[in-house]
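The values are calculated or read from the model by the stated rules, or taken from the named source; none is laboratory data. A quick note: this is a predicted structure, and the numbers were derived from the prediction, not measured. In this analysis, Cβ positions are derived from the backbone assuming ideal geometry, glycine residues included, and neighbour counts consider all displayed protein chains. The accessibility values were calculated without ligands, DNA or RNA, using every heavy atom of the protein model including side chains. Shrake-Rupley method; radii C 1.70, N 1.55, O 1.52, S 1.80 Å.
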Number of protein chains: 2
Amino acid sequence: MDLTERTISRRDVYNGRILRLHVDQVSLPNGAVASREVADHPGGVGILALDDQRRVALVRQYRYAFSRVVTEIPAGKLEIGDGDPLAAAKRELREEMGATARSWQSLGELIPSPGCYGETLYLYLARELSFEAPAPDEDEFLEREWVPLEELLQRCVSGALCDAKTVAAVLKAVYLGI
Amino acid sequence: MDLTERTISRRDVYNGRILRLHVDQVSLPNGAVASREVADHPGGVGILALDDQRRVALVRQYRYAFSRVVTEIPAGKLEIGDGDPLAAAKRELREEMGATARSWQSLGELIPSPGCYGETLYLYLARELSFEAPAPDEDEFLEREWVPLEELLQRCVSGALCDAKTVAAVLKAVYLGI
């Protein structure tokens, strides 16, 4: 069966600093018409950075959409000129943790929420770290911590930590035998 | 450090069938002002349904935001009146797969994308299945498949399957020793 939904018309609702929202009329496989709400996002990266004591870099940030602090691996949006997402991963790890890695390995792509949110995340494993001073963005306030991989794994499995990219990156990396 | 960002003002941009977009001015921990774009979502459920041959239920759906078919575990939005997310999980599994489960177990919450997307997902493991005819929503076209858990695990780890809720649910369940 051809499941394709074809665009009939598009209404641009909002074009912001990060999000762009549009509402489209589409034709369904049976010819019926439906509307689709899409929040587009430039995409991003998440970095599982492992130090030589098998501790993982985490950041604690206030996430306004949830009115609370969320613990996550370092991450950030793709920016114009990044080209390869790996360039963004290197920048974010340096800015958020002050870390540079000699070893980079892809942990694959992640679609956080396929229904209405057009974001693709690129996950990386970063190892062989060296350090300088962090340089977070001006409007970015965060706390850094380094947590033993085994402890972090338990937090991901138990649901104590529920950020999707962190759960996916940690469990994938453990499964791959890092 | 108190990382809280406090709302100064809120501008409602869009109030749709699924998404609500607002752009807020907030005061940062250092007193500076920043803007925050938030796409709010009612939240949803994802169900890892395992049959007695250790096969997992998957649906293939056209995801308009990505212009392609995406393979995922059965899932759906919370609706008014669902109360407990488990009620939504039972409904979605019945509608999408025609399956009813006698055993339900929480696999925790997932925040797909904490930055700008206010969605929380509730993950469940469903077992001891029985079947009737599926009854998908009118504007929902999907293909169903049952894939051996071990094969699905490989697809999640390799990145061949990249839907976050599916990756998280499968890897958590495997780690928990189901």
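If r is the Cβ-Cβ distance from A:E109 to B:Q105 and R0 is 35 Å, what FRET efficiency results, to the nearest 0.05?
FRET efficiency, A:E109 to B:Q105: 0.80.
Probe radius 1.4 Å, ligands and nucleic acids ignored: give me the carbon and sulfur share of the accessible area of chain B as a rounded percent.
Numbers: 3340 of 7520 Å².
Carbon-and-sulfur percentage of accessible area, whole number: 44.
A 22 angstrom limit on the alpha carbon distance is what I want to check against. Which of A:K172/B:K77; A:K165/B:K90; A:K172/B:K90; A:K172/B:K165 exceed it?
On the way: A:K172/B:K77 26 Å; A:K165/B:K90 26 Å; A:K172/B:K90 28 Å; A:K172/B:K165 13 Å.
Listed pairs above 22 Å: A:K172/B:K77; A:K165/B:K90; A:K172/B:K90.
In whole Hz, what ³J(HN,Hα) sequence does the stretch A:118-134 give by Karplus (6.51, -1.76, 1.60; θ = phi - 60°), x for Gly and Pro?
Working through the residues one at a time gives x, 9, 10, 10, 10, 9, 9, 9, 10, 9, 6, 8, 10, 10, 9, 6, x Hz.
Just the C-alpha atoms of the stretch B:84-153: what Rg/Rh do they give, with Rh taken as the Kirkwood radius? Write down the numbers at each step before the final one.
On the way: Rg = 13.8 Å, Rh = 13.9 Å.
Checking Rg against Rh, the ratio lands at 1.00.
What shape does the stretch B:44-175 take by its C-alpha gyration tensor, where a ≥ b ≥ c are the square roots of the eigenvalues and a/c under 1.5 counts as rounded, a/b above b/c as prolate, and the rest as oblate?
Values: a/c = 1.17, a/b = 1.02, b/c = 1.15.
In terms of gyration-tensor shape, rounded.
Amide H to amide H under 5 Å from A:V13: which residues, 5+ apart in sequence or cross-chain, H placed 1.01 Å off N in plane?
Result for A:V13 returns A:L21, A:H22, A:V23.
Would you be so kind as to list the residues of the stretch A:17-36 that have their accessible area lowered by at least 20 Å² in the full protein complex compared with their chain by itself (1.4 Å probe)?
Listed by number, the residues meeting the 20 Å² cut-off are A:R17, A:I18, A:L19, A:L21, A:L28, A:P29, A:N30, A:S35, A:R36.
Counting pairs of alpha carbon atoms under 8 Å apart in space and at least six apart in sequence, what relative contact order in percent does chain A give?
Reported as a whole number, the value is 22 percent.
Given the DSSP H assignment, sum -39500 (n - 2.57) over each helix run of at least 4 residues in chain B and divide by its residue total; what's the result at 222 nm in deg cm²/dmol, nearest 500?
Values: 3 runs with 35 residues, N = 178.
Per the formula, -6000 deg cm²/dmol.
How long, wide and thick is the stretch B:1-104, going by the Cα atoms along their three principal axes, in whole angstroms, largest first?
Here the spans come out as 58, 33, 27 Å, largest first.
Which of rounded, prolate, oblate describes the protein assembly as shown, given a ≥ b ≥ c as roots of the alpha-carbon gyration tensor eigenvalues and a/c under 1.5 marking rounded, otherwise prolate only if a/b is larger than b/c?
Oblate shape, in that a/c is at least 1.5 and b/c is the bigger or equal ratio.
Karplus couplings for the stretch A:68-81 from phi (6.51 cos²θ - 1.76 cosθ + 1.60, θ = phi - 60°), rounded to Hz, Gly and Pro as x?
6, 7, 10, 9, 8, 5, x, 7, x, 7, 6, 10, 4, x
Where the Cα atoms of the stretch A:114-178 are projected onto their three principal axes, how long is each span, largest first, in whole Å?
If we take the Cα atoms of the stretch A:114-178, the spans are 33, 31, 22 Å.
What distance in nm separates the two pseudo spin-label positions at B:A87 and A:I80, each 7 Å out from Cα along the beta-carbon direction?
The answer from the label model is 4.8 nm.
Quote the total accessible area buried by chains A and B together, excluding ligands, DNA and RNA, probe 1.4 Å, nearest 100 Å².
Chain pair A/B: roughly 6100 Å² of buried accessible area.
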